[in-house]
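Only the coordinates and a few stated rules stand behind these numbers; no lab work does. Not measured: the values here are computed from a predicted model. Every residue, glycine as well, gets a Cβ built from its backbone with ideal geometry; the counts of neighbours run over all protein chains shown.
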Ligand code: NAP
């Protein structure tokens with residue numbers, strides 16, 4: 001039986017692995033669908049301490065992975081699909097058919113980008129539609145793109161896209177934004193970015209090559225407008241990946257795992273760290289901090305079992 005099984009390899013999971021390994025617990029970490037987490041879809045990271053010149057997101061995650069492996073973590077490139085935590089002294093997880101038994105679990109599965117749920121949306125993903133400007137913006141150099149959302153992500157990604165694209169249209173469903181003023185000002189002062197509020201997408205327009213445009217609808221007066229675009233980016237928030245852990249953890253209205261004492265879920269031996277349990281900060285550094293807290297708490301729990 002494993003001492004510590006970690007689910008998810010973002011900054012929270014990998015930091016938990018580093019601490020658990022150095023405490024002698026031979027952690028096993030499951031990478032899931034997106035090894036490295038959201039930072040692998042980012043370019044420059046300038047706010048993670050220790051890198052005076054900044055560091056590329058994928059490089060940061062590759063370094064964290066190498067560090068976790070060097071201190072004795074076993075990384076499994078598989079996805080946990082089911083769990084059963086009904087017996088806290090023998091927690092069970094499944095990676096497809098493989099059963100994993102463990103004394104503790106650290107959940108660090110992060111969050112996934114939300115979509116609008118429009119008809120035909122799934123078939124346009126990667127064919128003109130993206131949820132990650134920093135990953136896919138490069139493909140739209142010199143082209144016309146649209147971004148949906150009014151939070152910090154939308155503002156940040158609109159500015160990022162403006163460096164690449166010929167024209168960026170930011171569409172938001174309200175006249176006010178939830179983004180920070182500094183981010184909004186940066187967008188408003190960028191001549192390549194046009195802001196349209198209060199509008200949303202009624203439907204996407206496409207041909208056999210993929211997305212060709214959208215039909216927008218004005219949410220005040222129901223006016224409609226067809227706009228030709230080459231790329232469409234969603235920046236409308238994220239959904240925490242907590243579903244498979246129910247009912248053994250409590251979640252809030254948005255699906256974030258509720259914790260006490262920083263990282264404890266309601267099931268003994270099951271801890272949560274990073275964006276999955278953090279509706280407030282959602283930063284790489286806070287996720288890493290929670291990963292550390294989860295590993296130390298798991299180690300104390302294990303020591304008390306003996
Ligand atoms: P967010 O703050 O939750 O904003 C989501 C935006 O999408 C909101 O403007 C929301 O509109 C809109 N939206 C949601 N569902 C929609 C729908 N179905 N149709 C149309 N619009 C929809 O998410 P976020 O921007 O990803 O930011 C998440 C967190 O990360 C925030 O705490 C943010 O501060 C932080 N963050 C920080 C930075 C930074 O500091 N550099 C960068 C990125 C993110 P409403 O406003 O009308 O609800």
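Miscellaneous remarks
- Rounded to the nearest 10 degrees, the inclination of helix 284-305 to the longest alpha-carbon principal axis of the chain is 20 degrees.
- Distance (nanometres) between label positions extended 7 Å along Cα→Cβ at residue 119 and residue 96: 3.6 nm
- The Cα atoms of the stretch 1-132 give a gyration tensor whose axes a ≥ b ≥ c have a/c of 1.5 or more with a/b no greater than b/c, which makes the shape oblate.
- Spatial separation of Cα centroids for the stretch 7-78 and the stretch 227-261, in angstrom: 21 Å
- Highest mean first, the peptides 216-228, 280-292, 144-156 sorted by other C-beta atoms within 10 Å per residue fall in the order 144-156, 280-292, 216-228.
- Within the chain, DSSP assigns beta bridges of which about 50% are antiparallel (rounded to the nearest 5).
- Cα-based helix-to-principal-axis angle, 152-162 vs the chain, degrees rounded to 10: 60 degrees
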